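A.B. asks: A single structure is presented below for examination.
The values are calculated or read from the model by the stated rules, or taken from the named source; none is laboratory data. Please read all numbers here as calculations on a predicted model, not as lab measurements. Here the Cβ positions follow ideal geometry from the backbone for every residue, glycine too, while neighbour counts run over all protein chains shown. For the accessible areas, the whole protein counts, side chains as well, though only heavy atoms, and no ligand, DNA or RNA atoms are used. Shrake-Rupley method; radii C 1.70, N 1.55, O 1.52, S 1.80 Å.
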Amino acid sequence: MALNEQQAKRYVRHFALKEIGIGGQKKLLAAKVLVIGAGGLGSPAILYLAAAGIGTLGIADFDAVDASNLQRQIIHTTEAIGTPKTLSAENAVKALNPDCMVKRYDVPLTPDNIMEIITEYDFILDCTDRFETKFLINDACVLARKPYVHAGVVRFEGQAMTYVPGKGPCLRCLMGDVPHDAVTCKDVGVLGAAVGVLGSIQALEAVKYLTGAGDLLCGKILTFDGLTMNVRVHSISHAAPECAVCGNAPTIHSLADNRQDYQVLSCQKGGERI
């Protein structure tokens, strides 16, 4: 795969990085990455992945742009209010980098369709705003043996972790079941710049995984406090033996086994966490 003249100019700063170089750039151009959620986390993640030259970028979101999104969802514009978020994001990607092919999924992810959607992708970003969705993504990726990066933000604080099959714990190892009483950013607010930090970390994890550069947040969880600027990385090196999806005696063998955890997905919008 030879790079053309425009690509050589566009990605020259990557070539200077010994951890990426021309070989790494070719891997990015051949890669397929799925971003689930084109909101606060997805906005910077999508833009940085497109800028990095990801060859195929899937964007999944079934919501439309609302004025209340614009305080943090920087991929969307005032003129895009009322249009599907996937379309708004696709337009931004096309304007930024014609090398990046976008595939849109304007449907809610459910136990009935997520496995088919994720199957073609090399890496997945969970940029969603509901724990029900996050656990669906986690369980699907564990069952399908797909690597992915999780992040969540509320107020000024957030966290991120990366799951790689066979190399560390999944989200369910850390949290068990869906915390249905969790606060949302609609309840307590969220700072756009804090979401931007975590979304950028997710994009960075994707690039590192695809190129083999550096160490991933696999077996670790990063926590970020924007008020104090404390950033900590905690090691959680082993999967939980009792984990329902990746433990020693898993009880979730298909998404149908745990459908009650995902049941709000297809009927609710709004009440965003991110």
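A.B. asks: Yes or no: the stretch 64-77 includes at least one residue that is in contact with a helix residue (DSSP H, G or I) (Cβ under 9 Å, 6 or more places away or on another chain) and of a type in the set (D, E, K, R).
C.D. replies: yes
A.B. asks: What is the residue count in the stretch 212-230 for residues that are of a type in the set (D, E, K, R) and assigned to a strand (DSSP E or B)?
C.D. replies: Filtering the stretch 212-230 down to residues of a type in the set (D, E, K, R) leaves 215, 220, 225.
Remaining after also requiring assigned to a strand (DSSP E or B): 220, 225.
Within the stretch 212-230, residues that are of a type in the set (D, E, K, R) and assigned to a strand (DSSP E or B) number 2.
A.B. asks: Let me ask something else about it. Counting only residues that are modelled with pLDDT of 95 or more and charged (D, E, K, R), which one in the stretch 92-111 is most open to solvent (accessible area, probe 1.4 Å)?
C.D. replies: Within the stretch 92-111, the match that is most open to solvent (accessible area, probe 1.4 Å) is K94.
A.B. asks: Would a scan of the stretch 167-175 turn up a residue that is touching a Leu at 6+ places or on another chain (Cβ under 9 Å) and crowded, with 21+ Cβ neighbours inside 10 Å?
C.D. replies: Residues of the stretch 167-175 touching a Leu at 6+ places or on another chain (Cβ under 9 Å): 167-168.
Checking the rest, the ones that are also crowded, with 21+ Cβ neighbours inside 10 Å come to 168.
Yes - at least one qualifying residue is present in the stretch 167-175.
A.B. asks: So, A144, is that one open to solvent by 10 Å² or more (accessible area, probe 1.4 Å), within 18 Å of the chain's Cα centre (by Cα) and not β-branched (V, I, T) or not?
C.D. replies: On the way: open to solvent by 10 Å² or more (accessible area, probe 1.4 Å): yes; within 18 Å of the chain's Cα centre (by Cα): yes; not β-branched (V, I, T): yes.
Taking the combined requirement at face value, the residue satisfies it.
A.B. asks: Restricting to the stretch 232-265, and then to whatever is acidic (D, E) and within 26 Å of G37 (Cβ to Cβ), can you tell me which residue is most open to solvent (accessible area, probe 1.4 Å)?
C.D. replies: Of the residues in the stretch 232-265, the ones acidic (D, E) are 242, 257, 261.
Now drop any that are not within 26 Å of G37 (Cβ to Cβ), which leaves 257, 261.
Values: D257: 74, D261: 15 Å².
Among them, the one singled out is D257.
A.B. asks: Right, here's the next one. Spot the failing condition for A38; the list is (1) assigned to a loop (DSSP other than H, G, I, E, B); (2) surrounded by fewer than 17 Cβ atoms within 10 Å (Cβ to Cβ), and only one is missed.
C.D. replies: A38 satisfies every listed condition except (2).
A.B. asks: Right, next: Quick one: is G158 touching a residue at least 40 places away in the same chain (Cβ under 8 Å) and either open to solvent by 10 Å² or more (accessible area, probe 1.4 Å) or over 28 Å from E120 (Cβ atoms) (or both)?
C.D. replies: yes
A.B. asks: A follow-up question, please. Of the conditions (1) among the basic types (K, R); (2) modelled with pLDDT of 90 or more; (3) part of a helix (DSSP H, G or I), K186 fails just one. Which one is it?
C.D. replies: Among (1) among the basic types (K, R); (2) modelled with pLDDT of 90 or more; (3) part of a helix (DSSP H, G or I), K186 violates only (2).
A.B. asks: Condition first: farther than 30 Å from A30 by Cβ and among the hydrophobic types (A, V, I, L, M, F, W, C). Now tell me which residues in the stretch 81-102 satisfy that. So that I can check it myself, show each step before the final result.
C.D. replies: The initial filter retains those residues of the stretch 81-102 that are farther than 30 Å from A30 by Cβ, namely 81-83.
Listed by number, the list holds a single entry, I81.
A.B. asks: Answer with yes or no whether V190 is in contact (Cβ under 8 Å) with a residue 12 or more places away in the chain, farther than 19 Å from I59 by Cβ and open to solvent by 30 Å² or more (accessible area, probe 1.4 Å). Don't jump to the end; show me each part of the working.
C.D. replies: Numbers: in contact (Cβ under 8 Å) with a residue 12 or more places away in the chain: yes; farther than 19 Å from I59 by Cβ: yes; open to solvent by 30 Å² or more (accessible area, probe 1.4 Å): no.
Answer is no for this residue.
A.B. asks: Any residue that is polar (S, T, N, Q) and within 19 Å of the chain's Cα centre (by Cα) - is there at least one of those in the stretch 28-45? Full working, then the answer.
C.D. replies: Taking the stretch 28-45 and keeping what is polar (S, T, N, Q), we get 43.
Within this subset, residues satisfying the condition of being within 19 Å of the chain's Cα centre (by Cα) are 43.
Checked against the condition, which is being polar (S, T, N, Q) and within 19 Å of the chain's Cα centre (by Cα), the stretch 28-45 yields at least one hit.
A.B. asks: On to the next question. Kindly provide the set of residues from the stretch 22-35 that are farther than 30 Å from M115 by Cβ and open to solvent by 10 Å² or more (accessible area, probe 1.4 Å), ordered by number.
C.D. replies: Start the filter on the stretch 22-35 by keeping residues that are farther than 30 Å from M115 by Cβ, which leaves 22-23, 25.
Selection gives I22, G23.
A.B. asks: Next question. Name every residue in the stretch 41-67 that is without any contact (Cβ under 8 Å) to a residue 40 or more places away in the chain and surrounded by fewer than 24 Cβ atoms within 10 Å (Cβ to Cβ), in order of residue number. Please lay out each step first, then the result.
C.D. replies: Within the stretch 41-67, the subset without any contact (Cβ under 8 Å) to a residue 40 or more places away in the chain is 64-67.
The answer is A64, D66, A67.
A.B. asks: When the stretch 3-21 is examined, which residues are found to be in contact with a helix residue (DSSP H, G or I) (Cβ under 9 Å, 6 or more places away or on another chain) and open to solvent by less than 90 Å² (accessible area, probe 1.4 Å)?
C.D. replies: Hits for the stretch 3-21 are L3, Q7, A8, Y11, H14, F15, L17, I20, G21.
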